[in-house]
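What follows is one structure encoded as structure tokens, with my remarks underneath.
The values are calculated or read from the model by the stated rules, or taken from the named source; none is laboratory data. In this text the structure is predicted, and so the values were computed from the model without any measurement. Here the Cβ positions follow ideal geometry from the backbone for every residue, glycine too, while neighbour counts run over all protein chains shown.
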Amino acid sequence: NTTQLLLDFSFSILPNSQHDVSQTLLKATLDSVVEECVSFVGVDINICSETLLRHIAGLNANRAKNIIEWREKNGPFVNREQLKDVKGLGPKSFQQCAGFIRINQEYIRTFCSQQSELAAGGHKVATNEKQCKKKTKAGANVIQQPNPLDQTCIHPESYNIAMRFLALIGESHCNIGKSEMQQKVNAIIEREGMDGITKRLNTAEQTLQIIIDGLTQPESFDIRKDFDQPDFKKSIVCPEDLRVGTILTGRVENATLFGVFVDIGVGRAGLIPIRSITEDKLSKAKKRRSLGLGPGEKVEVKVREIDLPRSRISLDLIRVL
């Protein structure tokens, strides 16, 4: 699951200009950006790593460690409310992190079904498969109910509003992401408008939009799925696999006065010298810029030179994609 992938960033992968700024400020800024990105995508609490958890708003190294320990001892989290049972995770931390935590409902349904079968000695029993027995902080066994809203971007503080909205359109939270849900949401928006709905629910339009997004996005929704990705060659994964003349696609990582660094999927960025970035290879919009190319742009390049001892890869720009 690519949602759970996260690099432990090292400043060694950043350009030399990193030394011109405070290292403390640089680290704080980098951590802030990573936290924002991770929180924006969301994290599956039942399969994510401790490293990834550290970058969720409201969590730190100790809380992340405690969450993993709780999961290893008690099994998967059935709902977001169980985060409150984790040592060191108080109301404020829960408020900050809960909206970024995801509970995969398909995973929980499978887990609960298996638990029911085990409890019956390997035979399926006539119990609600949507229930799981877990211990609370007080140590008592209670039936934990999965909540379909826990798979969405909707914060628990807005669950009450979300349920009132569902009642308004005559839908159930068990139908999150289905076409029927989308149709009923579209119908009420067309009939009453966002302003009319917010007044009926006594909430802000921004909150309503988050609720609508959460209810209409499918279970497998990933905001990054439509992002344009470079097509790295599967047979080329390290600098040793490169050959002079090889044509690759990549994404610009950094632009400098002497050239542009491009990620080509080998763990080491290649450099397109500034002399190789000629006007005939750029669009009209890019020709007006002093550096021609900027971070994030997708390019097609050809390997010009490989210096393995010095870990240098020289590229020639073929075209901007």
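Table: residues versus (1) in contact with a Pro (Cβ under 7 Å, 6 or more places away or on another chain); (2) assigned to a helix (DSSP H, G or I); (3) in contact (Cβ under 8 Å) with a residue 40 or more places away in the chain; (4) not hydrophobic (A, V, I, L, M, F, W, C).
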{"site": "Cys174", "(1), (2), (3), (4)": "yes, yes, no, no"}
{"site": "Gly177", "(1), (2), (3), (4)": "yes, no, yes, yes"}
{"site": "Met181", "(1), (2), (3), (4)": "no, yes, no, no"}
{"site": "Val185", "(1), (2), (3), (4)": "no, yes, no, no"}
{"site": "Arg191", "(1), (2), (3), (4)": "no, yes, no, yes"}
{"site": "Met194", "(1), (2), (3), (4)": "no, yes, no, no"}
{"site": "Arg200", "(1), (2), (3), (4)": "no, yes, no, yes"}
{"site": "Leu208", "(1), (2), (3), (4)": "no, yes, yes, no"}
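For the stretch 299-318, give me the residue count where each residue is part of a strand (DSSP E or B) and farther than 12 Å from Gly250 by Cβ.
Step one: of the stretch 299-318, the residues part of a strand (DSSP E or B) are 299-307, 312-318.
Still in the running and farther than 12 Å from Gly250 by Cβ: 304-307, 312, 314, 316.
Residues that pass the stated criteria total 7.
Within the stretch 174-204, track down each residue that is under 19 Å from Ile108 (Cβ atoms) and either among the basic types (Lys, Arg) or crowded, with 17+ Cβ neighbours inside 10 Å (or both).
Just the residues of the stretch 174-204 that are under 19 Å from Ile108 (Cβ atoms), to begin with: 174-178.
Of everything in the stretch 174-204, those that are under 19 Å from Ile108 (Cβ atoms) and either among the basic types (Lys, Arg) or crowded, with 17+ Cβ neighbours inside 10 Å (or both) turn out to be Ile176, Gly177, Lys178.
Given the residues Leu25, Leu89, Leu83, which is the only one that is under 20 Å from the mean Cα position of the chain (by Cα) and among the aliphatic types (A, V, I, L, M)? Quick ask: steps written out before the conclusion?
Numbers: Leu25 fails: under 20 Å from the mean Cα position of the chain (by Cα); Leu89 fails: under 20 Å from the mean Cα position of the chain (by Cα).
Residue meeting the stated conditions: Leu83.
Please enumerate the residues belonging to the stretch 253-270 that are assigned to a loop (DSSP other than H, G, I, E, B) and either among the hydrophobic types (A, V, I, L, M, F, W, C) or modelled with pLDDT of 85 or more (or both).
Filtering the stretch 253-270 down to residues assigned to a loop (DSSP other than H, G, I, E, B) leaves 256-258, 264-269.
Result: Leu257, Phe258, Ile264, Gly265, Val266, Arg268, Ala269.
Kindly check whether there is at least one residue in the stretch 44-53 that is hydroxyl-bearing (Ser, Thr, Tyr), within 20 Å of the chain's Cα centre (by Cα), modelled with pLDDT of 85 or more and part of a loop (DSSP other than H, G, I, E, B).
Narrowing the stretch 44-53 to residues hydroxyl-bearing (Ser, Thr, Tyr): 49, 51.
Adding the requirement that they be within 20 Å of the chain's Cα centre (by Cα) leaves 49, 51.
Applying the additional criterion that residues be modelled with pLDDT of 85 or more yields 49, 51.
This time we only want the ones that are part of a loop (DSSP other than H, G, I, E, B), so: 49.
Within the stretch 44-53, one or more residues are hydroxyl-bearing (Ser, Thr, Tyr), within 20 Å of the chain's Cα centre (by Cα), modelled with pLDDT of 85 or more and part of a loop (DSSP other than H, G, I, E, B).
Taking interchain pairs and intrachain pairs at least six residues apart, which have beta carbon atoms under 7 angstrom, with the first residue in the stretch 54-79 and more than 16 Å from Ser93 (Cβ to Cβ) and the second among the aromatic types (Phe, Trp, Tyr) and buried (at least 20 other Cβ atoms within 10 Å of the Cβ)?
Every condition considered, the pairs that remain are Arg71/Phe77.
Condition first: modelled with pLDDT under 90 and either among the basic types (Lys, Arg) or part of a strand (DSSP E or B) (or both). Now tell me which residues in the stretch 271-298 satisfy that. Spell out how you get there, then give the answer.
Taking the stretch 271-298 first, the residues modelled with pLDDT under 90 are 274-298.
Arg275, Lys281, Lys284, Lys286, Lys287, Arg288, Arg289, Lys298, listed by residue number.
If I ask for residues that are surrounded by fewer than 14 Cβ atoms within 10 Å (Cβ to Cβ) and not polar (S, T, N, Q), which ones from the stretch 155-173 would you list?
If we filter the stretch 155-173 for residues that are surrounded by fewer than 14 Cβ atoms within 10 Å (Cβ to Cβ), which is where we start, we get 157, 160, 167, 170, 172.
Selection gives Glu157, Ala167, Gly170.
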